[in-house]
1. If each residue of separation counts as 0.36 nm, what is the full-extension length gain between residue 28 and residue 10 once their alpha-carbon separation is subtracted?
2. Let me have the relative contact order for the chain, percent, based on Cα pairs under 8 Å that are six or more residues apart.
3. Is it possible to state the helix-based mean residue ellipticity at 222 nm for the chain, with each DSSP H run of 4+ residues giving -39500 (n - 2.57), the sum divided by total residues, to the nearest 500 deg cm²/dmol? What is it?
4. Please name which of 64, 50, 33 has its Cα lying farthest along the dipole of the range 10-101 towards the positive end, using unit charges on Cβ (Lys, Arg +1; Asp, Glu -1) and the Cα centre as origin.
5. With a 10 Å Cβ neighbour count serving as the proxy for reagent exposure, in which order, fewest first, do 104, 19, 83 appear?
6. Take residue 86, project a point 7 Å from its Cα along the Cβ direction, then tell me which residues of the range 39-77 have their backbone nitrogen under 15 Å from it.
7. Which residue, 14, 41, 97, tops the fluctuation ranking in a GNM of the chain built on C-alpha contacts under 10 Å?
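Just so you know, all these numbers are worked out from the coordinates, no wet-lab data involved. Small disclaimer: the values here were computed from a predicted structure and weren't measured. Positions of Cβ are backbone-derived with ideal geometry, glycine not excepted, and every protein chain shown enters the neighbour counts.
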Amino acid sequence: MNKKYINKRLPEKIKKAVEKGELIPYDEVFDSYSKKDQEQILKEARYIMAAMELRKLRKKLKLSQAKLAKQMNVKREFISRIEGGRQNITLDTLYRIAEATGKEFRFTFQ
């Protein structure tokens with residue numbers, strides 16, 4: 001792996017493992033970040049998880065991004081940003097996705 005792609009904030013032990021292609025336990029990597037960085041990682045992970053669920057649903061229904069976008073009356077790029085974890089997903093958007101896909105959106109706390 002090219003060294004310029006390795007995050008410079010990572011500890012040396014992790015950088016070396018990445019360069020060698022070795023696996024490192026998640027907890028070890030996550031714990032190497034500051035509390036502030038850990039909070040940011042978890043915040044961004046929420047968007048990634050939502051993005052993965054949307055893409056999984058869209059693929060299961062055999063819908064292209066363009067077709068889903070058309071059904072929601074949004075641009076395809078909007079769907080792309082959601083699936084890439086770069087777009088904040090509001091409750092309104094989740095309900096619109098459900099309506100466009102013929103699914104029911106349920107919001108629960110666990």
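1. Working: separation 18, 0.36 × 18 = 6.48 nm, distance 1.13 nm.
Separation in residues times 0.36 nm, less the Cα-Cα distance, equals 5.4 nm.
2. About 18 percent, as a whole number.
3. For the chain, the value works out to -19000 deg cm²/dmol.
4. 64
5. Fewest to most other Cβ atoms nearby, the residues stand as 104, 19, 83.
6. Counting only backbone N, you get 48, 51, 75-77.
7. 14
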